[in-house]
């Protein structure tokens, strides 16, 4: 299986790859398309240098070969949202080639997937099937938007591997600030070339391409459906057609879009309006020096410095912003890296997901979460009470200390007070006490619950367990 991933608005550039038009998302239709984007006679494209630097940055991050000499070509085909009748792309001489990306599978196993090439090109416009029935509108705001197309080697063997690869690329392009990765806005999408082979056969069969998949869930579902469809065709004695297909998420199936073109169908030839791109060593080294700490490097550092498991380190470095937030928390509570990891991945992640927020939305700054963790670490509150405090912090924005004092949630650590509560519970539960002392150990949980209820959940759990065992033993 081969995956082709397109990252749009690369480098978060303000302008398009060959014109000065804006790339901002959400503008009214056709408000951001100038004469170059519309393909008017006599206009000349001018290459955006920032897009070139971003492509080089990606190539260096995957240890690929950076072409010192690359060429733009015209890829000829007709679509209503491609006004020139051709797309400016790279074909024989792409800017990036022969790299690799390591993925981690569900069982923890690692695989290195080759990247055949990553080339620069311009995006097409967008057809809008809205408004009057049977009428299609054309929005050319997207035409000319910088795009880097990343093509994997045909080494992926399942939908889960494809999703793992896609997620890794998504993480990488966001770390590098090549694009924002917003799949809803079309900044990151995937085309999957799927083919199957009979057991024992060396050569794969005819491939079908599933276009424009814009979510990890759709990638997995589309590939699984396509694999099952092709197997069914072959086992029924038929032949798989080489074609381009679209995934219908409402029906959970792929459907034919058009026959699949080969390279010669596009009639590639060097664009006469654009000079070859020549890169010198100084520029490449300058870009190399600007590389941030990459996801794998950061995960390894988190595991080593903070004693985290590979899984936890991987989750916390899934985005550059999440990793920075975690380290900001640990900076405030340096003796509790695991506690910080648990809360960032647990309560905080759940709250963000529930409200549809991102870690950068700033509803709960790292310093405030750290303030809550300090009160857990010094046993001012228990972990259970901390969840109540967290909810109040999330809802109202006050700090942990203020909420603890306001609600009287400070943990009871006075042994005498805890013993008094235990004595009262034992006095009210003679039957359960007799059964426990007769060997029914499971009733210990009943007594814990009753004492916690009597102390409004404020008794220190460790002290409670220790004192309760002594008291129950008589």
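A few points about this structure:
- If you check 322, 364, 352, 308 for being within 28 Å of residue 107 (Cβ to Cβ), in contact with a helix residue (DSSP H, G or I) (Cβ under 7 Å, 6 or more places away or on another chain) and not in a helix (DSSP H, G or I), only one passes: 308.
- Scanning the range 14-46 for residues being within 20 Å of residue 176 (Cβ to Cβ) and either surrounded by fewer than 21 Cβ atoms within 10 Å (Cβ to Cβ) or out of contact with any helix residue (DSSP H, G or I) (no Cβ under 7 Å at 6 or more places or on another chain) (or both) gives a total of 4.
- Selected residue [under 23 Å from residue 62 (Cβ atoms), surrounded by 18 or more Cβ atoms within 10 Å (Cβ to Cβ) and touching a residue at least 24 places away in the same chain (Cβ under 8 Å)] from 98, 122: 122
- Subset of the range 208-257 (residues that are surrounded by fewer than 15 Cβ atoms within 10 Å (Cβ to Cβ) and without any contact (Cβ under 8 Å) to a residue 12 or more places away in the chain): 217, 228, 232, 235, 236, 237, 238, 248, 250, 251, 255
- Subset of the range 255-305 (residues that are in contact with a helix residue (DSSP H, G or I) (Cβ under 8 Å, 6 or more places away or on another chain) and under 30 Å from residue 210 (Cβ atoms)): 294, 295
- Selection of the range 189-204 for residues being assigned to a strand (DSSP E or B) and in contact with a helix residue (DSSP H, G or I) (Cβ under 6 Å, 6 or more places away or on another chain) yields 190, 192, 194.
- Boolean, residue 191 is surrounded by fewer than 19 Cβ atoms within 10 Å (Cβ to Cβ) and either at positive phi or under 18 Å from the mean Cα position of the chain (by Cα) (or both): yes
- Boolean, residue 404 is under 16 Å from residue 380 (Cβ atoms), surrounded by 14 or more Cβ atoms within 10 Å (Cβ to Cβ) and in contact (Cβ under 8 Å) with a residue 12 or more places away in the chain: yes
- Some residue of the range 78-99 being assigned to a strand (DSSP E or B) and on the phi > 0 side of the Ramachandran plot: yes
- Only one of 74, 117, 53, 112 that is surrounded by fewer than 16 Cβ atoms within 10 Å (Cβ to Cβ) and outside any loop (DSSP other than H, G, I, E, B): 112
- Flag for residue 205 being touching a residue at least 12 places away in the same chain (Cβ under 8 Å) and touching a strand residue (DSSP E or B) at 6+ places or on another chain (Cβ under 7 Å): no
- Residues that are without any contact (Cβ under 8 Å) to a residue 40 or more places away in the chain and outside any strand (DSSP E or B) are absent from the range 141-152.
- Restricting attention to the range 424-441, the residues being surrounded by fewer than 14 Cβ atoms within 10 Å (Cβ to Cβ) and either in a helix (DSSP H, G or I) or in contact with a strand residue (DSSP E or B) (Cβ under 9 Å, 6 or more places away or on another chain) (or both) number 8.
- Summed over the range 368-393, the residues that are touching a helix residue (DSSP H, G or I) at 6+ places or on another chain (Cβ under 6 Å) and assigned to a loop (DSSP other than H, G, I, E, B) give a count of 2.
- Residue 421 passes every criterion in (1) surrounded by fewer than 17 Cβ atoms within 10 Å (Cβ to Cβ); (2) in a helix (DSSP H, G or I); (3) in contact with a helix residue (DSSP H, G or I) (Cβ under 9 Å, 6 or more places away or on another chain) apart from (1).
- Criterion (assigned to a helix (DSSP H, G or I) and surrounded by 17 or more Cβ atoms within 10 Å (Cβ to Cβ)) met by exactly one of 282, 313, 300: 313
FYI, it's all coordinate maths here, none of it is from the lab. What you see is a predicted model; the values in this text were computed from it and never measured. Neighbour counts run over all protein chains shown; Cβ positions are idealised from the backbone, glycine included.
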